[in-house]
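*Asks:* Before I ask anything, let me first share the structure, which is written out below as structure tokens.
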Amino acid sequence: MANQPPNNTCLSKCATNEYAQQIKELLPPDTQLLELANFFKVFGENSRIKILSAIYHRELCVCDLVEILGMTQSAISQQLRVLRASKVVKYRKEGKNVYYSLDDKHVYKMLEDGLEHIKEHLN
């Protein structure tokens, strides 16, 4: 029985209405929470995480990503469209080449923190 999850039912009243009301007022609006949930969904696909992990280190073009990840150009392009639309990656053009990088320091931090969290729980 030691490995069972905790019972999620309160046996007694543990928060006063005052605390509950304070916390309720601190919650972001539902529209923001929905946007946040959709934002995190972008990170829920393995090939997108591979792409993000690669461009975490430096900006790369699609041809670089094909070589590094062993994916098809069309598969990478499709995932980059999703990442661009979610403002997770940005691009710049140089002649006929398009180079992709993480959009900002927040994305770098999320990847670092997420990987650190995973590594802690693997030990």
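Computed from the coordinates by the stated procedures, all read-outs in this text should not be read as laboratory data. Just so it is clear, the model here is predicted, and its values are computed rather than measured. Cβ placement follows ideal geometry from the backbone for every residue including glycine, while neighbour counts extend to all protein chains displayed.
*Asks:* Only Cα pairs within less than 10 Å get springs; with that Gaussian network setup on the chain, which residue of L80, L26, L111 has the largest fluctuation?
*Replies:* Maximum among the listed residues: L26.
*Asks:* Counting helices only, and only those DSSP H runs with n ≥ 4, report the 222 nm mean residue ellipticity of the chain as the sum of -39,500 (n - 2.57) divided by its residues, in deg cm²/dmol to the nearest 500. Don't skip to the end; give the middle numbers.
*Replies:* Values: 6 runs with 73 residues, N = 123.
Taken over the chain, the calculation gives -18500 deg cm²/dmol.
*Asks:* Apply the a/c threshold of 1.5 to the C-alpha gyration tensor of the stretch 46-85 and tell me whether it is rounded, prolate or oblate.
*Replies:* Because its axes are fairly even, with a/c under 1.5, the stretch 46-85 counts as rounded.
*Asks:* Another question, if that's okay. Please give every one of the aspartates and glutamates within straight-line cross-link reach of K87, meaning a C-alpha to C-alpha distance under 17 Å, and leave out same-chain neighbours fewer than 8 residues apart.
*Replies:* In chain and number order, the partners are E35, E45, E59, D103, D104.
*Asks:* Also, quick follow-up: For K93, list the lysines whose Cα falls under 28 Å from its own Cα; do not include residues on the same chain fewer than 8 positions away.
*Replies:* Cα-Cα hits under 28 Å: K41, K50, K105, K109.
*Asks:* Fully extended, how many nm does the chain gain between H121 and K109 (0.36 nm per residue separation, minus their Cα-Cα distance)?
*Replies:* Numbers: separation 12, 0.36 × 12 = 4.32 nm, distance 1.84 nm.
The H121-K109 span can extend by a further 2.5 nm.
*Asks:* Still on this structure, I have one more. Contour minus end-to-end for Y91 and S47, with contour as 0.36 nm per residue of separation and end-to-end as the Cα-Cα distance? Please report the intermediate quantities before stating the final value.
*Replies:* Numbers: separation 44, 0.36 × 44 = 15.84 nm, distance 1.82 nm.
Between Y91 and S47, full extension yields 14.0 nm more.
*Asks:* Can I ask one more? Report the paramagnetic label zone for R58: residues of the stretch 88-104 whose backbone N is under 16 Å from a point 7 Å from Cα along the Cα-to-Cβ axis.
*Replies:* Backbone N within reach: 98-102.
*Asks:* How high is the relative contact order of the stretch 46-122, given as a whole-number percent (alpha carbon pairs under 8 Å, six or more residues apart)?
*Replies:* On the way: 69 pairs, mean separation 23.3, N = 77.
Once normalised by length, the contact order is 30 percent.
*Asks:* Would you be so kind as to identify which of V42, Q79, Q21 lies farthest towards the positive end of the dipole of the chain, taking Lys and Arg as +1 and Asp and Glu as -1 on Cβ and the Cα centre as origin?
*Replies:* Final value for the positive-end residue is Q79.
*Asks:* Continuing with this model, one more query. For a quick check: with amide H placed at 1.01 Å from N, whose amide H comes under 5 Å from V98's, ignoring anything fewer than 5 positions away on the same chain?
*Replies:* V62
*Asks:* Averaging the inverse of every distinct alpha carbon separation and then flipping it gives the Kirkwood radius. What is it for the chain, in angstrom units? Let's see the in-between values first.
*Replies:* Working: mean 1/r = 0.0567 Å⁻¹.
Mean inverse Cα-Cα distance, inverted, gives 17.7 Å.
*Asks:* Next question, about the same structure. Testing the spin-label approximation: label points 7 Å from Cα along Cα→Cβ at Y99 and L33. State their distance in nm.
*Replies:* So the two model labels end up 4.2 nm from each other.
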